Number of protein chains: 2
Amino acid sequence: MRITDLRIHSIAIADPPLRSSYGLHAPYALRTIVELESDEGVIGITETYGGEAQVRQFESLRPQILGANPYRLTGFLSPMVEGQGGGDARSQTYLVPGENPLDATTRTYAALEVACLDLIGKTVGQPVCDLIGGRVREEVPFSAYPFYKHAGGGGEGDDAREDAYGEALSPEALVRQVRQMVARYGFGSVKFKGGVLEPDIEIETIKQLYQTFGPGVPLRIDPNSAWTAETSVKAGCALAEELGRGGYLEDPTAGLENMAEVRRRLLAQGITTPLASNVAVTSFADLPRSVKLDAVQILLCDHHYWGGMRQVQHLARLARTFGLGLSMHSNTHLGVSLMGMAHVAAATAHLTYACDTHYPWQSAKDEVVAGGRVPIVNGCVRIPDQPGLGVVLDYDQLARGVERYRKCRYRKRDDEAEMRRRVDPNWRRVLPRW
Amino acid sequence: MRITDLRIHSIAIADPPLRSSYGLHAPYALRTIVELESDEGVIGITETYGGEAQVRQFESLRPQILGANPYRLTGFLSPMVEGQGGGDARSQTYLVPGENPLDATTRTYAALEVACLDLIGKTVGQPVCDLIGGRVREEVPFSAYPFYKHAGGGGEGDDAREDAYGEALSPEALVRQVRQMVARYGFGSVKFKGGVLEPDIEIETIKQLYQTFGPGVPLRIDPNSAWTAETSVKAGCALAEELGRGGYLEDPTAGLENMAEVRRRLLAQGITTPLASNVAVTSFADLPRSVKLDAVQILLCDHHYWGGMRQVQHLARLARTFGLGLSMHSNTHLGVSLMGMAHVAAATAHLTYACDTHYPWQSAKDEVVAGGRVPIVNGCVRIPDQPGLGVVLDYDQLARGVERYRKCRYRKRDDEAEMRRRVDPNWRRVLPRW
């Protein structure tokens with residue numbers, strides 16, 4: 001079996017004006033859909049970060065991809081994740097996921113690995129999770145992922161999307177948003193994006209979520225490094241009960257040293273709420289120091305930038321070995337990525353938390369998966385019986401996404417610039433802010 | 001695809017009277033060959049530790065194996081390596097590999113994983129290394145593995161094997177043995193089994209090997225925990241030059257604390273010869289403490305007891321992350337195991353040393369692989385173009401091995417008892433001995 005064609009599709013998808021410490025989501029998020037076609041006419045697909053730099057990465061590998069056996073391409077390209085420097089990208093606190101040049105190679109490798117696995121799975125009639133060790137679960141749990149947001153559903157002009165959730169810039173509005181998400185998708189846990197309003201308001205938001213949903217729904221807050229160690233400790237203490245019931249405090253502050261200080265000070269007060277990270281720890285190279293300092297107790301994997309599904313499985317084994325939990329990070333994505341996340345999660349024994357997903361923020365109008373949006377039922381994505389990722393492309397929808405990309409102004413993600421453009425011309429990302 | 005038959009074959013293979021700190025190899029080593037046959041009539045094979053306990057383990061899983069999809073069986077059984085206690089077996093200094101009850105489940109899982117991968121590979125026409133991420137090398141380097149030994153080629157009575165190597169109980173005889181092995185197989189490095197004679201004699205043996213083969217042939221010595229920390233430091237100092245050129249000092253002393261002490265004292269004298277282990281560290285559970293103490297700088301993987309090929313790949317990623325080297329342990333084995341070792345090594349980027357193998361000690365008369373012994377050329381096993389492991393069984397040879405097992409007295413490995421039976425009725429394994 002040989003790969004005979006590589007097709008790269010840059011698409012834009014409507015994204016609501018979500019807020020985080022990085023700034024504001026633009027009206028369009030960028031994604032790249034890649035197809036690998038084999039000489040048997042089977043097509044493997046993948047979805048990853050968007051924009052021009054990502055396309056250039058794929059294009060630069062075209063000579064190696066064309067003609068390759070998809071079973072071997074991942075070995076041949078493995079220096080991208082295992083070689084000198086490969087997989088050793090250091091975390092970059094200031095850049096949004098997908099825009100850190102230090103993990104460009106692991107991101108590109110990851111996307112190709114998934115496309116190869118989908119191609120292999122569709123060729124031999126087996127789901128991807130069963131190609132990488134076999135499923136350990138049939139259903140993969142995801143979390144509700146509420147954001148403070150401005151009014152609006154994403155997209156611009158004729159292409160503007162309906163806003164199912166409305167403005168949410170207060171604790172009460174945030175709780176309402178989560179209620180909607182839980183009603184619609186059945187989520188059993190909540191990951192709340194903080195780092196946007198005054199810490200006291202965010203603490204109050206978590207308290208209201210806890211009052212609303214009770215101790216059976218684990219809560220997490222992720223201020224994306226917006227806080228000082230002092231504020232982080234204060235929040236950790238204030239929310240000991242609310243986050244302590246199977247939840248966690250994610251990247252409250254920047255850097256391993258500050259995270260370790262927060263951990264030490266919380267433990268000194270008897271508060272065992274674990275700290276999670278996808279900012280202080282984003283690569284294997286960050287782990288020895290993190291382990292040594294006990295800076296992070298829960299790793300957030302994400303096959304999109306950790307170097308693919310097998311690297312995530314390696315990470316899970318490492319986490320289990322060192323007594324760390326494993327959760328999963330998400331970036332704005334469509335159904336192809338969601339299925340990739342579900343498959344690797346299904347084949348990873350030591351996944352100890354429900355995964356993050358931005359999927360509720362996207363719209364059926366943008367979905368490129370044939371048959372429409374992937375169902376999330378009772379908070380879970382079920383591994384389908386279909387081979388590979390279990391989804392194929394809707395080429396009309398893909399063409400619409402490509403056309404949207406062609407017309408929109410965005411070629412990379414820059415939440416800070418977007419914040420200045422639409423909310424506050426003087427806004428800058430300041431860390432720590434509080 | 002479903003597994004429709006499980007066939008378990010206990011075999012005995014002639015083994016020369018090799019010495020180690022465990023005692024003496026018996027005239028027969030025990031192995032188990034397992035076949036999984038699919039409803040398409042394809043047969044996947046595996047080789048692992050022998051004896052009755054191993055057979056019972058496989059038999060106990062028969063209900064789960066029969067009817068299973070080989071792509072999914074490894075996921076279904078993954079609690080054996082990833083579940084509570086699974087993969088967390090602690091090292092057991094006093095037991096020979098394959099006889100530690102604490103890793104019985106990981107050994108059994110590993111064997112089944114390899115059989116499933118062979119079955120899948122033979123079904124889809126792909127080599128095993130390309131099913132687990134893809135080869136990163138076409139040829140896998142192995143080391144010469146000289147032992148002090150008594151005269152004799154293994155086997156008993158009519159079944160006694162010719163002794164190609166003769167007695168070797170002095171430095172000179174050991175060097176002659178290595179010359180023979182290097183001439184025959186082209187090995188480019190030497191792993192020497194020590195812990196048998198007085199340390200000064202073993203040091204002299206390494207010095208003579210170094211004089212004979214020069215600094216271009218990395219040397220290792222493995223006394224299997226026979227030494228005190230003091231003796232280990234003395235040997236490390238005496239052999240700083242000889243082991244320092246790409247070699248290592250393997251398990252000179254027992255326990256992580258002693259290993260860490262040896263490391264500290266060698267470093268204090270400016271000697272950076274790394275310490276390797278497959279005794280102080282035999283499972284993931286041993287790693288946090290080993291890393292913390294800097295007790296071991298090179299991990300010896302072995303898919304047979306670490307829980308299979310994918311667990312070895314996880315281990316390799318962990319090793320690379322924490323700046324540890326990776327080599328490969330061997331137990332007495334035939335060609336099916338050799339090919340398993342070669343495939344996982346071929347698909348593991350961070351394998352930083354040539355692998356161990358006992359293969360030169362076995363004879364063509366015992367080989368169960370069709371076509372005879374697997375070639376080792378220039379010290380390397382080349383990944384064949386054939387699918388799966390690249391080898392199939394010779395059923396006449398297998399039947400001979402089964403008959404030999406039926407007739408021989410051995411049902412488990414016990415080098416200490418064998419030492420008492422044939423060399424010294426009062427011999428006991430004493431650690432440390434020197």
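The table below lists the values:
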quantity	calculated
Inter-chain shielding of A:132-144 (mean C-beta neighbours from other protein chains, 10 Å cut-off)	4
Region A:3-125: relative contact order in percent, alpha carbon pairs under 8 Å with at least 6 residues between	28
Centroid-to-centroid separation of region A:355-434 and region A:318-346 [C-alpha atoms, Å]	17
Angstrom value of the Kirkwood radius, inverse mean 1/r, which spans all Cα pairs in region A:276-328	10.7
Tail beyond 23 Å, pair distance distribution of region A:203-288 (Cα, percent)	19
Residue-averaged beta-carbon neighbours from other chains (10 angstrom radius) around A:308-317	4
Distances in nm from A:Lys207 to the matching label points in the other copies, shortest first (labels 7 Å along Cα to Cβ)	7.7
Environment charge at A:Pro16 (Cβ cut-off 14 Å; Lys +1, Arg +1, Asp -1, Glu -1)	-3
Label spacing, shortest first and in nm, from B:Glu162 to its equivalents in the remaining copies (7 angstrom along Cα→Cβ)	8.5
Exposure rank, largest accessible area first [B:Arg422, B:Arg320; 1.4 Å]	B:Arg422, B:Arg320
Distant alpha-carbon pairs in region A:302-363 (separation over 18 angstrom), percent	30
With DNA, RNA and ligands ignored, accessible area of B:Phe213 (1.4 Å probe; Å², nearest 10)	50
Rg ratio (alpha-carbon, reference 2.2 N^0.38 Å) - the protein assembly as shown	1.00
Top of A:Thr74, A:Thr212, A:Thr282 by mean-square fluctuation, Gaussian network on chain A, Cα under 10 Å	A:Thr212
Accessible area in the full protein assembly, largest first, 1.4 Å probe, for A:Tyr210, A:Tyr248	A:Tyr210, A:Tyr248
Region A:316-404 - charge dipole about Cα centre, Lys and Arg +1 at Cβ, Asp and Glu -1, debye rounded to 20	280
Exercise: per-residue mean of other protein chain Cβ atoms within 10 Å, A:65-75	4
Inter-part distance where region A:214-235 and region B:198-264 are each reduced to a Cα centre, Å	51
Kirkwood-based shape ratio for region A:250-290, expressed as Rg/Rh from alpha carbons	0.98
Chain A, relative contact order in percent, only Cα pairs under 8 angstrom and at least six apart counted	23
For B:Pro384, label point 7 Å along C-beta direction: distances to other copies, nm	4.0
Summed buried accessible area for A+B [probe radius 1.4 Å, Å², rounded to 100]	3100
Rounded FRET efficiency, nearest 0.05, which uses the C-beta distance separating A:Thr352 from B:Asp200 and R0 of 56 Å	0.60
Average accessible surface area per residue within region B:1-139, 1.4 Å rolling probe, Å²	30
D_trans [Stokes-Einstein, Kirkwood Rh over alpha-carbon pairs] for region A:315-434, 20 °C, 1.002 mPa s, µm² s⁻¹	124
Surrounding net charge for A:Glu37, when Lys and Arg each add one and Asp and Glu each subtract one, Cβ distance under 12 Å	-2
P(r), alpha carbons of chain A - 20 Å bins starting at zero, rounded %	28, 61, 11, 0
Restraint check, A:Lys149/A:Lys191; B:Lys365/B:Lys407; A:Lys191/A:Lys412, Cα-Cα greater than 19 Å	A:Lys191/A:Lys412
Helical contribution to [θ] at 222 nm, DSSP H n ≥ 4, -39,500 (n - 2.57), averaged over the protein assembly as shown, rounded to 500	-11000 deg cm²/dmol
Pairwise centroid distance, computed over Cα atoms, of region A:6-31 with region A:278-299, Å	28
Size descriptor, Kirkwood hydrodynamic radius, that averages inverse alpha-carbon separations across region B:33-126, Å	13.9
For region A:43-157, with +1 on Lys and Arg beta carbons and -1 on Asp and Glu, the positive-most of A:Val124, A:Ala53, A:Val140 along the dipole	A:Val124
Per-selection metrics, region B:95-224 (Cα): Rg and Dmax in Å	19.1, 54
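The values are calculated or read from the model by the stated rules, or taken from the named source; none is laboratory data. These numbers come from a predicted model, not from an experiment. Every residue, glycine as well, gets a Cβ built from its backbone with ideal geometry; the counts of neighbours run over all protein chains shown. These accessible areas exclude ligands, DNA and RNA; they are computed on the full protein's heavy atoms, side chains included. Shrake-Rupley method; radii C 1.70, N 1.55, O 1.52, S 1.80 Å.
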